[in-house]
Amino acid sequence: MRNAFIEELVALARKHPQVALIVGDLGYSVIEPFAEEFPDRFVNAGVAEQNMTGLAAGMASEGYHVFTYSIANFPTFRCAEQIRNDVAYHELPVTVVAVGGGLAYGALGYSHHAVQDYALMRTMPNMVLAAPGDPMEVRAAMRFLVENPGPSYLRLGKAGEPSFHTAPPEVAPGRWLKLRDGEPDRAFLSTGAGLQIAMDWAVTPEHAGREVYSMPLWSMAAKASQAEMLRTRSDVITVEDHLYDGGFGSWLLEAKALDQSLTCAVRPRALDPVVCGTVGSQATLNRLGGL
Amino acid sequence: MASLQIASVDLARRMRAQAVKMVHRARASHIGSALSIADIVAVLYGQVMALDPARPDWDERDRFLLSKGHACVAVYAALAECGFIPESALLNYGQDHSMLMNHISHKVPGVEFSTGSLGHGLPFGVGKALAAKRSGRGWRTFVLLSDGELGEGSNWEAMMFAAHHGLDNLTAIVDYNKLQSLTTVDATLRVEPLADKLRAFGWAVREVDGHDHAALIAALERGAGAVGKPTFVIAHTTKGKGVSFMENAVPWHYKSPNDAELSRALEEIGDA
């Protein structure tokens, strides 16, 4: 995903002169192609995420579309108020990028576990959350975010994720992307790295015949579009590598609650808080957390 | 385009009168903070910044950010006195659904940036200054901070960044009235030796009487700053300046003048 990210960012920067990248002293062996080709649109802000985000907003107010880039919770929780007040409230085109979403940095400990980021970002009314499930969704999401500038959050894994799409899909906030056919009334709906897990579960006898969808883009506003998808289904299991509270499944349940006539069961599968403070590989921690 | 060339001493007097009327009408706080910055803001709007009230978004304007957003009535008054907003709009300050909220709001024509939480103005201003440098634009960015606000670490992050990148198109001004929310700055979280600290962070530093218009103009006008480094103007001020019973008095960070106090204040300010 990191490679798809930087390749796509370079491609977008060639096409859009306003695209800029600010890193928080992270991105070794990832961000160099951008820094070398666009030195005037690249900044290493150092280890100072509040300033990184405030200055990104300031640059965005003068015409740039700024991507801020760091690991896990550093570009989100460390500077949450700068995202809320400077970026979101002023409706500025800043895309906050976090690598190591979920438990991708499982062995690095709780500081590096990004399992509450959706909860933070999705409470901002105009924030578009991008949680791609594969490298093709990374590219599609980034194109959407640059062509529809505004406050956004891009959650990436690490590297080496398989591709499920053969080409970048057509994406929009709240849109369900079908990855696996099945019976039309039962579905998995994943976001982010939940896609890999849903695809694995879909081939088990317990879930035989269940469709698999990915939702790489979602937002507060996109809740209103979910009734249409839920109305024709009887059972949807959401899959995410985030805590249940404030997460993606919670988001879909809130969307369902907007229309009391919906009878579809929405069953979130998300991480149990037991993962908080436990160290291990991503796969180990996801299993421990119930995924 | 040059500055608006509005006589700043009289502008400051009219702004002070508007400010006390606004907080009285809205029963709002922070009049001491607004009176403290009235001269600095009047000099910037009247004599220093390139602005066009008819085109608040004019691309070549100088940018002003009020990081101490609670002192917004001084800026709202300046915007009205300079023609950005009608004077009648000031009547709505703090009222239901008003665009003039009690911390400075970017929804008001002529206001670049909303603040209210301290420590946000300087990083945002650094972004503007860097954008101007990177895109070869000649306008300047001014950020006005409070002294108590210097407790926020984000300011010191921004100071390191601005000096590292040689942002000589950025001027920060600290309203150094030496009082903060509960008591003096000295008794709360010492900022001294402030000038030495700012120099050590790589800034050019000038200290002025923040109520002396000639001194403020000399420190803030184009060409006054250093080349290759950002400039910090330490403006020594008196909180509540211009109204004797509000001067250097912590309660006027919170209190709103009653009718009698408003009359006394306007008399002292010289409101016609």
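Here, each number is a calculation from the coordinates, and none is a lab measurement. Here the structure is a predicted model, which is why all the values come from computation and not from measurement. Note: ideal-geometry Cβ built from the backbone for every residue, glycine included; neighbour counts use all protein chains shown.
Let me know the mean shielding of B:112-123 by other chains, meaning the per-residue number of their Cβ atoms within 10 Å of its Cβ.
5
Pairs to check: B:Lys107/B:Lys197; A:Lys15/B:Lys128; B:Lys133/B:Lys255. Give those whose C-alpha atoms are more than 32 Å from each other in this structure. Walk me through the numbers before you get to the answer.
Numbers: B:Lys107/B:Lys197 35 Å; A:Lys15/B:Lys128 23 Å; B:Lys133/B:Lys255 43 Å.
Result: B:Lys107/B:Lys197; B:Lys133/B:Lys255 exceed 32 Å.
Once you keep just the Cα pairs under 8 angstrom separated by 6 or more residues, what percentage relative contact order results for chain A? Show your work: numbers first, answer last.
Details: 672 pairs, mean separation 47.9, N = 291.
Relative contact order for chain A comes out at 16 percent.
For B:Thr237, which sequence-distant residues (separation of 5 or more, or a different chain) have an amide H within less than 5 Å of its own amide H, given hydrogens modelled in the peptide plane?
Residues meeting the criterion, in which the H sits 1.01 Å from N, are B:Tyr176, B:Asn177, B:Gly210.
Given a cut-off of under 8 Å on Cα pairs at least six residues apart, what relative contact order in percent is computed for the stretch A:2-155?
Details: 274 pairs, mean separation 35.9, N = 154.
Here the relative contact order equals 23 percent.
Using mean Cβ contacts within 10 Å as the protection proxy, how do B:121-133, B:247-259 order, highest first?
On the way: B:121-133: 28.1, B:247-259: 15.8.
Result, highest mean Cβ count within 10 Å first: B:121-133, B:247-259.
What residues have an amide H closer than 5 Å to that of A:Val128, excluding those fewer than 5 places away on the same chain, when H is modeled at 1.01 Å from N in the peptide plane?
Those qualifying (amide H under 5 Å, at least 5 residues apart or on another chain) are A:Ser152, A:Tyr153.
Could you derive backbone 3J(HN,Hα) for the stretch B:85-102 from the dihedral phi with the Karplus parameters 6.51, -1.76 and 1.60 (θ = phi - 60°), listing whole Hz in sequence and x where the residue is Gly or Pro?
Once rounded to whole Hz, the list reads 9, x, 4, 5, 5, 5, 5, 8, 3, x, 8, 3, 6, 6, 6, 8, 7, 7.
Give me, ordered by chain and number, the residues 5 or more places off B:Glu207 or on other chains with an amide H under 5 Å from its own placed amide H.
When sequence neighbours closer than 5 places are left aside, the close amide H contacts are B:Ile234.
Is there a simple number for the mean count of other chain Cβ atoms within 10 Å of the Cβ of residues in A:79-86, and what is it?
Details: counts 3, 0, 4, 6, 0, 1, 7, 9.
For this peptide, the per-residue mean of nearby foreign Cβ atoms is 4.
For the stretch A:64-80, what does the Karplus curve 6.51 cos²θ - 1.76 cosθ + 1.60, with θ = phi - 60°, yield as ³J(HN,Hα) per residue in whole Hz, taken in order and with x for Gly and Pro?
After applying 6.51 cos²θ - 1.76 cosθ + 1.60, I find 7, 9, 9, 9, 9, 9, 7, 9, 6, 8, 5, x, 10, 5, 4, 10, 4 Hz.
About the Cα centre of the stretch B:208-269, what is the dipole size in debye to 20, counting +1 per Lys and Arg Cβ and -1 per Asp and Glu Cβ, all else neutral? Please list the in-between numbers first.
Details: 6 positive and 8 negative charges, 71 e Å.
Approximately 340 debye in magnitude.
Going by how many other Cβ atoms sit within 10 Å of their own, how do B:Leu51, A:Leu262 line up, fewest first? Before the final figure, lay out the partial values.
Numbers: B:Leu51 26, A:Leu262 16.
Fewest to most other Cβ atoms nearby, the residues stand as A:Leu262, B:Leu51.
Under 22 Å between alpha carbons, and skipping anything fewer than 8 positions from A:Lys256 in its own chain: which lysines qualify?
The reachable lysines, counting only those whose Cα sits under 22 Å from A:Lys256, are A:Lys178, A:Lys223.
Place a +1 charge on the Cβ of each Lys and Arg in the stretch A:208-291 and a -1 charge on the Cβ of each Asp and Glu, then give the dipole magnitude about the Cα centre in debye, rounded to the nearest 20.
Numbers: 8 positive and 9 negative charges, 34 e Å.
It works out to roughly 160 debye.
Mean Kyte-Doolittle hydropathy of -1.0 or higher plus an axial Cα length of 15 Å or more: which whole DSSP H helices in chain A meet both?
Details: long enough: A:2-15 (20 Å, 0.08); A:49-60 (16 Å, 0.08); A:135-147 (18 Å, 0.37).
Both cut-offs are met by A:2-15, A:49-60, A:135-147.
Taking the beta-carbon count within 10 Å as an exposure proxy, list A:Ile22, B:Ile234 from fewest neighbours to most.
Numbers: A:Ile22 26, B:Ile234 21.
Result, fewest neighbours first: B:Ile234, A:Ile22.
At 222 nm, what helix-only mean residue ellipticity would chain B give, in deg cm²/dmol to the nearest 500, using -39500 (n - 2.57) for each DSSP H run of four or more?
Theoretical 222 nm ellipticity from helices: -11000 deg cm²/dmol.
Okay, helix-only estimate at 222 nm for chain A: each DSSP H run of n ≥ 4 adds -39500 (n - 2.57), divide by all residues, round to 500 deg cm²/dmol; what do you get? Mind showing how you got there, number by number?
Details: 9 runs with 82 residues, N = 291.
After summing the helix terms and dividing by the residues of chain A, the value is -8000 deg cm²/dmol.
So what J values fall out for the stretch B:28-37 if you push phi through Karplus, 6.51 cos²θ - 1.76 cosθ + 1.60 with θ = phi - 60°, rounded to Hz, Gly and Pro as x?
Once θ is set to phi - 60°, the couplings for the stretch B:28-37 become 9, 9, 6, 5, x, 5, 5, 5, 4, 9 Hz.
Relative contact order, percent, of chain B when contacts are C-alpha pairs under 8 Å separated by at least 6 residues? Mind dumping the intermediate values first?
Details: 570 pairs, mean separation 64.1, N = 272.
In percent, rounded to a whole number, it is 24.
Taking chain A as a Gaussian network, where each spring joins two C-alpha atoms under 10 Å apart, which residue of A:Pro39, A:Pro173, A:Pro132 fluctuates the most?
Between A:Pro39, A:Pro173, A:Pro132, it is A:Pro39 that shows the largest mean-square fluctuation.
Is there a simple number for the mean count of other chain Cβ atoms within 10 Å of the Cβ of residues in B:132-144, and what is it? Show your work: numbers first, answer last.
Numbers: counts 2, 1, 9, 8, 1, 2, 0, 1, 0, 2, 0, 0, 0.
Mean inter-chain Cβ contacts per residue within 10 Å come to 2.
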